[in-house]
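Read the structure below first, then the notes.
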Amino acid sequence: AVAATTNRLPAKSASGRLAEVREWDKRYEVKSELARGGMGRVLIALDNAVGREVALKELLPGKSGIGLATRATTAGELVDRFLREAKVTGQLEHPNIVPVYEIGTRDDGSVFYTMKLVRGKTLAEHIQAIQEGASASPAARLARRLKLLDAFINVCDALAYAHARGVIHRDLKPANIMLGDYG
């Protein structure tokens with residue numbers, strides 16, 4: 001690993017490319033919407049600085065925050081809660097917790113953060129597929145359910161890690177647990 005001598009990017013590289021990717025509209029190219037909740041949405045975006053797809057989470061555009069979250073009653077409180085979520089998640093370094101790459105603001109002042117894009121199915125989708133597999137034998141369905149125990153143990157490990165650091169997940173459910181292609 002190379003030690004960094006400064007925490008700032010040069011204002012402009014010889015070719016000008018480094019400075020260009022720091023601008024929001026050039027850094028991230030939004031591809032599609034991945035998911036949406038009551039407070040925000042997750043987009044699939046290409047990070048042109050690194051050349052990889054990321055999950056970009058943002059507050060829903062044009063929402064004041066009133067009624068979107070029980071504890072957030074103003075737009076400012078909603079932004080504070082959103083940024084706190086990003087910072088707390090970014091401090092949790094565990095193989096079963098999605099890492100936060102960047103927290104930023106757009107030119108219009110709206111906030112976002114980027115995370116590793118995990119492809120796969122949710123635990124809820126896996127459970128639903130097992131339940132719908134009525135034509136499979138009971139032994140085959142049991143074997144598929146037992147395979148999910150490995151993922152469940154990984155979730156428990158991640159929660160224990162977070163709890164040891166004073167963090168509690170307030171919306172833990174099968175639909176919010178992603179099982180990637182490799183576990």
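The values are calculated or read from the model by the stated rules, or taken from the named source; none is laboratory data. Predicted model, so just to flag it, every value in this text is computed and none were measured. Here Cβ is always computed from backbone atoms with ideal geometry, including for glycine, and neighbour counts include all displayed protein chains. Note: accessible area is taken over every heavy atom of the protein model, side chains too, but ligands, DNA and RNA are not part of it. Shrake-Rupley method; radii C 1.70, N 1.55, O 1.52, S 1.80 Å.
Points worth noting:
- Answer residue from region 160-171, given it is hydrophobic (A, V, I, L, M, F, W, C) and closer than 14 Å to Val98 by Cβ and is least open to solvent (accessible area, probe 1.4 Å) among those: Ala162
- Selection from region 37-67 of residues that are at pLDDT below 90 and either within 19 Å of the chain's Cα centre (by Cα) or open to solvent by 50 Å² or more (accessible area, probe 1.4 Å) (or both): Gly37, Gly38, Met39, Leu60, Pro61, Gly62, Lys63, Ser64, Ile66, Gly67
- Considering region 174-183, and only residues there that are in a loop (DSSP other than H, G, I, E, B) and free of Cβ contacts under 8 Å to residues at least 60 places away in the same chain, the residue that is surrounded by the most Cβ atoms within 10 Å (Cβ to Cβ) turns out to be Ile177.
- Index of the failed condition, Ala72 passing every other in (1) modelled with pLDDT of 90 or more; (2) surrounded by 11 or more Cβ atoms within 10 Å (Cβ to Cβ): (1)
- Selected residue (criterion: least open to solvent (accessible area, probe 1.4 Å)) from residues of region 82-113 that are more than 17 Å from Leu43 (Cα to Cα) and modelled with pLDDT under 90: Gly109
- Scanning region 138-183 for residues that are within 21 Å of Gly40 (Cβ to Cβ) and in contact with a strand residue (DSSP E or B) (Cβ under 8 Å, 6 or more places away or on another chain) yields a count of 5.
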